[in-house]
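S.K.: Okay, handing you the structure first.
The values are calculated or read from the model by the stated rules, or taken from the named source; none is laboratory data. The shown structure was predicted, so the numbers you read here are calculated from the model rather than taken from an experiment. Cβ placement follows ideal geometry from the backbone for every residue including glycine, while neighbour counts extend to all protein chains displayed.
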Amino acid sequence: MGLLRKIRTTGWVAEPTPPRPEGEVPDKAGQLGGSVQVRCVDAGSCNGCEIEIAAAFNPVYDAERYGARLVASPRHADMALVTGPVTRNMAEPLRRTVAAMAEPRLVVAVGDCAIGCGEFAGGYGVEGAVCEVVPVDLTVPGCPPEPEAIVAALRTVTGR
């Protein structure tokens, strides 16, 4: 009985929505209608960025409330989140993944390694940064980037 009384007297407890992110919105983002289907591609990272992407979609940060949803197939995706420097073995699969996505499609380079190869620059197995393999529309810097930065990039795309 005490628990029900506590629930009734406490009311709704939620954090306010953070302010809208500032920054450039990719031209194609307006064509997506306020929601985006996201395909994550690990092009050769250390998995630090993947952990932060998973955190961005967990109940604490909840990127889905801003209209972003993870999908398993590039054929269902509007946006690719690419992490890590592109290795020689992943260059062609990355090109094919982006080509399989319907227009308008967005490519987001997540993390310092995806943007400029980071610690892996000059390595034998490294093809280059993501922008050297496929066109990039948006970048999320950091090593690894904070989940808030990933959610802010998703909010920039969805406009929510």
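S.K.: Quick test for you: out of E15, E24, pick the one residue that is more than 17 Å from A114 (Cα to Cα), touching a strand residue (DSSP E or B) at 6+ places or on another chain (Cβ under 9 Å) and at pLDDT below 80.
M.R.: Going through E15, E24 in turn, the sole match is E24.
S.K.: Something else: Restricting to helices (runs of 4 or more DSSP H) lying wholly in the range 48-160: which have 2 or more residues that are surrounded by fewer than 16 Cβ atoms within 10 Å (Cβ to Cβ)?
M.R.: Hits in the range 48-160: 48-56, 91-100.
S.K.: Please pick out the residue among P93, P59, P147, P85 that is more than 10 Å from the chain's Cα centre (by Cα) and closer than 27 Å to G34 by Cα.
M.R.: Of P93, P59, P147, P85, the one residue that is more than 10 Å from the chain's Cα centre (by Cα) and closer than 27 Å to G34 by Cα is P59.
S.K.: Between residues in the range 38-53 that are farther than 15 Å from L138 by Cβ and residues that are of a type in the set (S, T, Y) and assigned to a strand (DSSP E or B), which pairs lie under 7 Å by C-beta distance while being six or more apart or on different chains?
M.R.: That search, which allows pairs on different chains as well, returns D42/T83; A43/T83; A43/T87; G44/T87; S45/T83; E50/T83.
S.K.: Would you check which residues across the range 96-151 are at pLDDT 90 or above, on the phi > 0 side of the Ramachandran plot and in contact with a strand residue (DSSP E or B) (Cβ under 7 Å, 6 or more places away or on another chain) and list them?
M.R.: Scanning the range 96-151 gives G111, G128.
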